[in-house]
Amino acid sequence: EEEEEEEAAAPANDRKAKAAALKAKRDAETEEKKKIAMERLAKKEAKQRSLCNLEVKPWEEEQDLMELFAKIKSTVVRPGLAWGENCSLKPVAYGIKKICMTAVINMDISMDEVIEEILEDVFPDEIQSMEMLNMSLL
């Protein structure tokens, strides 16, 4: 009788082992698929860029805004940041105009940090304020 019980238990144990092996294989395949999907997402995010519309207000009305625009483009340079080719000048008040410009940035760059750098470190005496009006994914 004991031999019959062992023989009956053997197929059950064999089925459990097969089921466990199959589950482990499926789990490994699922993890591999997740890993591939995450790598694909990371590559896609690395390629994503945003278009930022910016407004720059000078301290003085006599300031040459086209020269200031050119200085911003030539001074603030970093990988993943591309300034727009042109800008427009729009009136603010009392003869003062503002620069309306664009920049394209990669997702790993913070436009807020770029603006802070421009206002505090690079042009504190030339630019009164700089704001990002909007940002959209490209």
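The values are calculated or read from the model by the stated rules, or taken from the named source; none is laboratory data. Since this is a predicted model, take the numbers as computed values, not measurements. Counting neighbours? That spans all protein chains shown, and the Cβs are built from the backbone with ideal geometry, glycine included. Side chains are part of the model used for accessible areas, which takes the heavy atoms of the whole protein and leaves out ligands, DNA and RNA. Shrake-Rupley method; radii C 1.70, N 1.55, O 1.52, S 1.80 Å.
Quick notes on this structure:
- Those residues of region 79-138 which are of a type in the set (D, E, K, R), within 23 Å of Ala46 (Cβ to Cβ) and touching a residue at least 24 places away in the same chain (Cβ under 8 Å), in sequence order: Asp108, Glu117
- Selected residue [open to solvent by 70 Å² or more (accessible area, probe 1.4 Å), under 18 Å from Gln48 (Cα atoms), part of a loop (DSSP other than H, G, I, E, B) and modelled with pLDDT under 95] from Asp108, Asp112: Asp108
- There is at least one residue in region 82-89 that is in contact with a Cys (Cβ under 9 Å, 6 or more places away or on another chain), hydroxyl-bearing (Ser, Thr, Tyr) and closer than 30 Å to Pro124 by Cα.
- Extreme residue, farthest from Leu51 (Cα to Cα), among residues of region 77-104 that are of a type in the set (Ser, Thr, Tyr) and open to solvent by less than 60 Å² (accessible area, probe 1.4 Å): Ser88
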